[in-house]
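Just so it is clear, none of the values below were taken in a lab; they were calculated from the coordinates. Computed from a predicted model, the values in this text were never measured in an experiment. All Cβ positions, glycine included, derive from the backbone under ideal geometry; neighbour counts span all protein chains shown.
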Amino acid sequence: MHSNEIWRRLLDGNRRWVEDRSTAAVDRGAARRAATTDSQNPYALVLGCSDSRVPAEILFDQGIGDLFVVRTAGHVLDSATLGSVEYGVEVLGVSLIVVLGHEGCGAVQAATCVVDDAQVPPGHIRDVAERIAHHVLLARQAGATTADEIGRHHSLVTVDLLRQRSALIGDALRRGSVEAVAARYSLATGAVTEVGQPALAA
Ligand SMILES: [Zn+2]
């Protein structure tokens, strides 16, 4: 399936979710479980935030085996996250990567506090915040002022990072075997909207 078609399919599912007429329950039942026991063939990869309010399969109204989902707080990238995305691209052959940020992201907020107030969170939460803090600075340099603008910029930069940090993903994007899009989820409405232009292969 072409990536544009997949993106349309996900947005159609999201519209059902927004309108409270989700239909994927049938695709999460015993029949689908049986059909996917021995193998998986997801058509899209969602790199999203761990936030309990942003569950990819539910908000895109998809079933078991449809999405390969990688979630970290603030959808930050480290080597394990990159490896997971590479697995989805190289081994599972997904055609679309969706980097999904959201309104009211605590990780982005924590990163902004690091930048503005030198407030460093404890433990490894610090690592999450510091990985985003650099993007907060980039967003400000690009003219972002609100938390929403900073969050959108963070998702766009994350798409670029996938390309830069992973030769494997970068090559797949250049070949056009996969495409990547940054998107944003509204906690209030449930709607997913695209951020900027899709990061298509150059
Ligand atoms: Zn978040």
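For region 8-56, which positions are assigned to a helix (DSSP H, G or I) and in contact with a strand residue (DSSP E or B) (Cβ under 6 Å, 6 or more places away or on another chain)? Reasoning before the result, please.
To start, the set of residues in region 8-56 that are assigned to a helix (DSSP H, G or I) comprises 8-18, 24-28, 30-35, 56.
Listed by number, the residues that qualify are ASN14, ALA56.
So which residues in region 89-98 are within 21 Å of ASP51 (Cα to Cα) and either more than 16 Å from the ligand (Cβ to nearest atom) or surrounded by fewer than 14 Cβ atoms within 10 Å (Cβ to Cβ) (or both), if there are any at all?
Selection gives ILE97 alone.
Restricted to region 99-124, and to residues that are in a loop (DSSP other than H, G, I, E, B) and surrounded by 14 or more Cβ atoms within 10 Å (Cβ to Cβ), which residue is farthest from the ligand (Cβ to nearest atom)?
Here is the first cut: in region 99-124, the ones in a loop (DSSP other than H, G, I, E, B) are 103-105, 118-124.
Next, only the ones that are surrounded by 14 or more Cβ atoms within 10 Å (Cβ to Cβ) stay: 103-105, 121.
Values: GLU103: 9, GLY104: 8, CYS105: 3, PRO121: 14 Å.
So, considering only residues that are in a loop (DSSP other than H, G, I, E, B) and surrounded by 14 or more Cβ atoms within 10 Å (Cβ to Cβ), the one farthest from the ligand (Cβ to nearest atom) is PRO121.
Quick one: which of SER79, SER39, SER52 is of a type in the set (Ser, Thr, Tyr), more than 16 Å from SER155 (Cα to Cα), surrounded by fewer than 16 Cβ atoms within 10 Å (Cβ to Cβ) and within 13 Å of the ligand (Cβ to nearest atom)?
Numbers: SER79 fails: within 13 Å of the ligand (Cβ to nearest atom); SER39 fails: within 13 Å of the ligand (Cβ to nearest atom).
Residue meeting the stated conditions: SER52.
State yes or no: is ASP127 over 18 Å from the mean Cα position of the chain (by Cα), within 16 Å of the ligand (Cβ to nearest atom) and surrounded by fewer than 22 Cβ atoms within 10 Å (Cβ to Cβ)?
On the way: over 18 Å from the mean Cα position of the chain (by Cα): yes; within 16 Å of the ligand (Cβ to nearest atom): yes; surrounded by fewer than 22 Cβ atoms within 10 Å (Cβ to Cβ): yes.
Answer is yes for this residue.
Restricting the search to region 1-27, which residues are among the acidic types (Asp, Glu) and closer than 20 Å to VAL69 by Cβ? Break it down stepwise before answering.
Start the filter on region 1-27 by keeping residues that are among the acidic types (Asp, Glu), which leaves 5, 12, 19-20, 27.
Correct list: GLU5, ASP12, ASP27.
Is it the case, given these coordinates, that GLY29 is surrounded by fewer than 22 Cβ atoms within 10 Å (Cβ to Cβ), within 22 Å of VAL181 (Cα to Cα), more than 16 Å from the ligand (Cβ to nearest atom) and not basic (Lys, Arg)?
Details: surrounded by fewer than 22 Cβ atoms within 10 Å (Cβ to Cβ): yes; within 22 Å of VAL181 (Cα to Cα): no; more than 16 Å from the ligand (Cβ to nearest atom): yes; not basic (Lys, Arg): yes.
The answer is no for GLY29.
Within the bounds of region 10-23, is there any residue that is touching a residue at least 40 places away in the same chain (Cβ under 8 Å), within 24 Å of ILE150 (Cβ to Cβ), within 16 Å of the ligand (Cβ to nearest atom) and not acidic (Asp, Glu)?
Among the residues of region 10-23, not one is touching a residue at least 40 places away in the same chain (Cβ under 8 Å), within 24 Å of ILE150 (Cβ to Cβ), within 16 Å of the ligand (Cβ to nearest atom) and not acidic (Asp, Glu), which makes the answer no.
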